[in-house]
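Structure record follows, encoded as structure tokens.
The values are calculated or read from the model by the stated rules, or taken from the named source; none is laboratory data. What you see is a predicted model; the values in this text were computed from it and never measured. Virtual Cβ from ideal backbone geometry, glycine too; neighbours counted across all protein chains shown.
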Amino acid sequence: MFVRAFLLLPQIPLDISELMFYTIVTRTCVCEVTGMERSILHVDFNSFYASVECLHHPEIRNKPVAVGGDVEQRHGIILAKNQIAKQYHVSTGEALWQARLKCPDLVIVPPHYELYIRFSRMAREIYLDYTDQVEPFGLDESWLDVTGDAAGRDGMTIAREISRRIKYELGITVSIGVSYNE
Ligand SMILES: [Mg+2]
């Protein structure tokens, strides 16, 4: 069971090239449950496919963007959308034509799975700096058991560190749930 709280990470000065990529505000979703023994993190990329596409195509970053299957075909569906598209109530799983009705200016890009896999692997490299108990769930979610960290950090501290590293090293943001249970 998770209790959700959101906290903003402090802004850290960046150089110009980084600034191009990292304008998204990282939100760490911190979930906590009382109890002691085990410390488990659930890491989930925010709007994963859409975030990766916007990172690689800065020119569309300030537009409503959706990643859609079979853009050539009229029956494609929305696989992911960015925050701006969300404001138009574009939702995952709906038909591209439905999404276009809600948001005529929607930029629809085809998925690039090789790219998402690469990001997923890069994130995994970061997780492995904290624990070897990493269980992926799809491309954009992972469970990490960080119980008994050698450096003595608690789950919340590790969650903040991973969140910040992913933002600065990969250029996209994650939500991390922290749970403590036996
Ligand atoms: Mg996600």
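Tabulated values for the structure
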item	result
Qualifying residue in the stretch 56-67 (condition: without any contact (Cβ under 8 Å) to a residue 40 or more places away in the chain, outside any helix (DSSP H, G or I), in contact with a Gly (Cβ under 7 Å, 6 or more places away or on another chain) and not assigned by TED's automatic domain parsing to the domain that holds SER142)	no
Residue satisfying condition, being in contact (Cβ under 8 Å) with a residue 24 or more places away in the chain, within 16 Å of the ligand (Cβ to nearest atom) and not in a loop (DSSP other than H, G, I, E, B), within set ILE176, ILE172, ILE158	ILE176
Residue, farthest from ILE176 (Cα to Cα), within the stretch 82-127, restricted to residues that are among the small types (Gly, Ala, Ser) and not assigned by TED's automatic domain parsing to the domain that holds HIS56	SER120
Subset of the stretch 86-125 [within 16 Å of the ligand (Cβ to nearest atom) and touching a Lys or Arg at 6+ places or on another chain (Cβ under 6 Å)]	VAL90
Conditions (1) at pLDDT below 55; (2) within 18 Å of ARG100 (Cβ to Cβ); number of the one not met by ARG74	(1)
Qualifying residue in the stretch 127-150 (condition: part of a helix (DSSP H, G or I) and either within 16 Å of the ligand (Cβ to nearest atom) or under 22 Å from SER47 (Cα atoms) (or both))	yes
LEU170 vs. criteria more than 20 Å from ASN82 (Cβ to Cβ), buried (at least 17 other Cβ atoms within 10 Å of the Cβ), at pLDDT 95 or above and aliphatic (A, V, I, L, M)	no
